[in-house]
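Written out below as structure tokens is the structure these notes cover.
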Amino acid sequence: MSLFSTRRGFLKAGGMVGAAGMMGSIGCTIPKRKNEHVGDLRCAPLETVKVGVIGLGMRGPGAVSRISAIPGARITALCDIFEPRVNNRVKWLKDNGHPEPKRYFGGTEEWKKLVEDPEVNLVYVTAPWQMHVPMVKFALEHKKHVACEVPMVFTVEDCWDIIDLAEKNRCHCMLLENCCYGESEMLALNMVRNKVLGTLVHGEGAYIHDLRSLMFAGNGYEGFWRLKWNAVHTGNPYATHGLGPICQYMSVGRGDQMRVLTAMSSGAFGMAEYAAAHKEQLDKLIAERKDDKYGMTDTRALTGPWARGDMCTAIIKTELGRTIMVQHDTTSPRPYSRINLISGTKGILKDYPLQIALEPNAHGWLGKKQMDEVVAKYRHPLWRDSGEIAKRMGGHGGMDFLMDLRLCYCLQNGLPLDINVYESCQWSVLAELTETSVRHDGAPVEVPDFTRGAWKELAPLGIESVNLNIDKNAKADKQMSV
């Protein structure tokens with residue numbers, strides 16, 4: 001679907017060029033909608049969270065082992081195209097004393113049977129990107145709570161559809177943004193809530209991760225789905241790892257709101273040079289894959305040209321006048337970073353490595369002794385209470401486990417989720433908004449208010465923990481927890 005043809009009128013295409021050329025104007029605007037928000041949605045408590053996991057490639061296996069260790073949660077169904085993947089996880093569950101879940105595999109529509117299964121009340125989506133939207137919509141249509149890997153959704157049009165379904169059927173819909181549960185991110189959140197950094201002014205987040213070897217190998221992203229996206233889309237398709245925590249610090253969607261963004265991208269220099277340097281290997285991959293069911297009919301995925309540049313930088317302005325920078329680069333030889341910077345009138349916290357500077361001596365970073373004192377004082381209670389077992393259970397150092405733990409705890413106790421459907425859509429939709437801006441040379445793009453004004457009343461996310469007795473003998477599957 002064209003970016004200029006959504007039924008909710010995402011872009012006023014006729015006025016785009018003129019508006020973009022006017023200083024301070026917003027080149028793309030969003031129509032208003034009536035207010036039927038359920039941002040603080042509370043649903044009836046679930047005595048048992050019965051989880052059906054769709055997708056057992058890169059992320060799904062780890063989710064199975066983590067969730068199976070949470071009291072009151074049970075894996076009741078598993079689905080993947082490939083039968084051996086399903087059988088592998090079923091064997092792991094049985095070997096570790098868990099009930100055998102139902103198995104769905106083989107066909108491309110088998111996941112629908114899992115959603116329809118009455119023994120599933122939470123659909124947990126870890127399939128490739130292109131399946132996220134149809135799976136989320138189908139789950140909500142069937143009145144199932146749904147949690148989806150990042151990014152959950154890519155267009156404004158699909159965001160509104162998902163919000164409509166969540167509101168109509170009163171179901172939770174959560175983006176599985178694990179980085180909001182990172183130890184440094186939750187430390188920053190606790191410091192912000194305690195006013196240590198003063199009035200917030202600016203934040204920076206990113207996903208900088210050299211994925212070239214995975215993307216071009218064919219076994220990292222089945223069917224080269226990530227490369228196929230890069231061949232036709234530009235902008236930032238994967239903003240949420242860096243953006244989500246910054247939005248929680250600033251209470252975006254719960255006291256503030258994104259208003260406008262602008263984005264620019266570099267050329268795809270790193271992609272082109274990598275492909276040229278590995279031409280023989282890539283030619284062999286094309287030949288091997290040409291006749292399989294993922295057929296390389298569009299060889300641009302491996303040979304270029306690619307629409308997405310190496311580095312995309314977006315700047316967002318909020319209603320309260322704060323700014324956020326978000327970057328994306330998966331094709332340059334750079335050390336991993338999410339930046340994770342939050343700056344206020346009394347100090348700053350930044351990551352990679354973790355550093356803090358505070359008034360009255362904010363011209364230099366805290367020394368080790370002061371740093372250790374601040375970190376100990378403001379360690380988030382979720383990490384204080386459950387960090388040890390989280391690190392043992394794994395999943396990006398433990399943050400995946402804490403994300404699943406909080407999700408199940410909220411569902412069991414009828415509480416609002418830490419990440420609601422509006423935030424899930426807002427953070428994910430930068431895929432379309434940044435692409436629109438990049439394709440129009442950095443034109444300002446209005447950011448839709450999916451809460452329809454409710455952000456002014458919704459309470460910020462608190463400093464939440466859990467009260468659960470977790471089995472100290474629970475077994476993690478380190479090999480599959482990625």
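For the reader, a short list of remarks on this structure follows.
- Taken as Cα centroids, region 97-150 and region 233-265 sit 27 Å apart, rounded to the nearest whole angstrom.
- Placing dummy labels 7 Å off each Cα toward the beta-carbon, the span from ALA459 to ASN169 is 2.9 nm.
- 10 Å-binned pair-distance histogram of region 146-204 (Cα, whole percent): 19, 33, 27, 21, 0
- Volume per residue of the C-alpha convex hull in region 239-397, rounded to whole Å³: 208
- Relative contact order [Cα under 8 Å, 6+ residues apart], the chain, whole percent: 24
- Value of [θ]222 nm, deg cm²/dmol, for the chain, DSSP H segments ≥ 4, -39500 (n - 2.57) each, nearest 500: -10500 deg cm²/dmol
- Of all complete DSSP H helices in the chain, not one has a Cα span along the helix axis of 24 Å or greater and a mean Kyte-Doolittle hydropathy of 1.0 or more.
- Listed by chain and number, the aspartates and glutamates whose C-alpha is less than 19 Å from the C-alpha of LYS50, apart from same-chain residues fewer than 8 away, are ASP80, GLU100, GLU110, GLU116, ASP117, GLU119, GLU141, GLU149, ASP400, ASP404, ASP471.
- Answer label, with Rg and Dmax of the Cα atoms in Å calculated from the coordinates and candidates [x] 22.7, 71; [y] 28.3, 86; [z] 22.0, 66: [z]
- Accessible area of region 172-212 divided out per residue, in Å², using a probe of 1.4 angstrom: 24
- In summary, the aspartates and glutamates within cross-link reach of LYS284, defined as a Cα separation below 20 angstrom excluding same-chain residues under 8 places away, comprise GLU222, GLU273, ASP292, ASP298.
- Relative contact order of region 83-182, taken over Cα pairs closer than 8 Å and 6 or more residues apart, is 21 percent.
- Portion, in percent, of the accessible area of the chain that falls on carbon or sulfur, probe 1.4 Å: 53
- The residues of region 327-405 present an accessible area of 49 Å² per residue when probed at 1.4 Å with all protein chains retained.
- Region 359-451 shape via C-alpha gyration tensor axes, a/c threshold 1.5: oblate
- Estimated inter-spin distance, LEU354 and MET264, nm [label 7 Å along Cα→Cβ]: 3.4
- Extension gain (nm, one decimal) between GLN370 and TYR336, 0.36 nm per residue minus Cα-Cα: 9.6 nm
- Three-way shape label, region 315-375, alpha-carbon gyration tensor, a/c 1.5: oblate
- Number of Lys-Lys pairs in region 89-148 with C-alpha atoms under 26 Å apart and a separation of 8 or more places or on different chains: 18.
- Cα coordinate range in region 177-250, projected on the principal axes (Å, largest first): 47, 23, 16
The values are calculated or read from the model by the stated rules, or taken from the named source; none is laboratory data. In this text, all values refer to a predicted model and were calculated from it rather than measured experimentally. Cβ sites come from the backbone with ideal geometry, for glycine too, and all protein chains shown count toward neighbours. Areas reflect the complete protein model, heavy atoms only, side chains present, ligands, DNA and RNA absent. Shrake-Rupley method; radii C 1.70, N 1.55, O 1.52, S 1.80 Å.
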